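Input: a single structure, listed below in structure tokens.
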Amino acid sequence: MKALLLVCLLSFVIAAYSQAPCCTPNQWQDYNFNWEPYRGFAAGINITYDAVNTRTVAQIFENVGPERTRSLDIIALYASKQIFMIDWKRNRCVLADLTEPFEKACIPQQANFLTSITLGGSLNAYVFGWESFNGTYDISIVSADGNCWPISNKILTGQSQIVDGDDSWNVTPGVANTNIFTPPSFCPTLATTSFENFKQEVRALPVKISEAKLRLLFGF
């Protein structure tokens, strides 16, 4: 049922062979388009992933398109066990002790290889699916070029309804600007809230980050 749902979501050419789960390169950036159909919103998010230095950043934009404005940053520094949320509109910064360990961006070993596809006539990709810890079913589409670049993530309910998702655009290797990992001067040096409260505040934001990216970037 889940594999059939993909046919409705994507135009692809099937090639029938198996593929093992894979991991992304250690450093990359992308523009992440996040959408949640049942809440009627879309958001643009610049993602920076740095496994070499165990740190991640999400720069959130309120609007999608030319009029977008950067409103919020979330910076996770796993080496120092700190996670910041910076509200640029209000010059507000929240700091929590990061209690989760850094994890590589990998397709889980328990994931099932569903199929290989071709997107847009030229982009070859692999589709994996697995049962998630909360009873949902995760589907992840990654590039088939040996790099395992993220392309799309979808979270489905038991009734095969999409409840959350994100799509990656312009994925590039490396970290172009390391300054984005430095919190602004108005941020505190000691924790102002617990990690659990921090997670609740992030999930309550009007501009959402997909659950798949929250898990990957910040250990939610």
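The values are calculated or read from the model by the stated rules, or taken from the named source; none is laboratory data. If you're wondering where the values come from, they're calculated on a predicted model, not measured in any experiment. Every residue, glycine as well, gets a Cβ built from its backbone with ideal geometry; the counts of neighbours run over all protein chains shown. Calculation scope for accessible area: heavy atoms of the full protein, side chains included, ligands and nucleic acids excluded. Shrake-Rupley method; radii C 1.70, N 1.55, O 1.52, S 1.80 Å.
If we keep just the residues of the stretch 145-202 that are within 19 Å of the chain's Cα centre (by Cα) and small (G, A, S), which is farthest from T24 (Cα to Cα)?
Once the filter is applied, the top-ranked residue is G165.
Please specify each residue of the stretch 86-100 satisfying the condition of being within 17 Å of V207 (Cβ to Cβ) and surrounded by fewer than 12 Cβ atoms within 10 Å (Cβ to Cβ).
K89, R90
Only residues in the stretch 117-131 that are over 14 Å from A144 (Cα atoms) and polar (S, T, N, Q) count as the first member; pair them with residues that are open to solvent by 80 Å² or more (accessible area, probe 1.4 Å) and in a strand (DSSP E or B), Cβ under 7 angstrom, at least 6 apart or cross-chain, and list the lot.
none
All but one of (1) at pLDDT below 85; (2) open to solvent by 30 Å² or more (accessible area, probe 1.4 Å) hold for R203; which doesn't?
Single failed check for R203: (1).
Using the structure shown, decide if G129 is open to solvent by 30 Å² or more (accessible area, probe 1.4 Å), among the small types (G, A, S) and farther than 25 Å from R55 by Cβ.
When the stated conditions are applied, G129 does not pass them.
Here's a check for you: in the stretch 57-83, which residue that is among the β-branched types (V, I, T) and modelled with pLDDT of 80 or more is farthest from G174 (Cα to Cα)?
Only one residue tops the list, namely I83.
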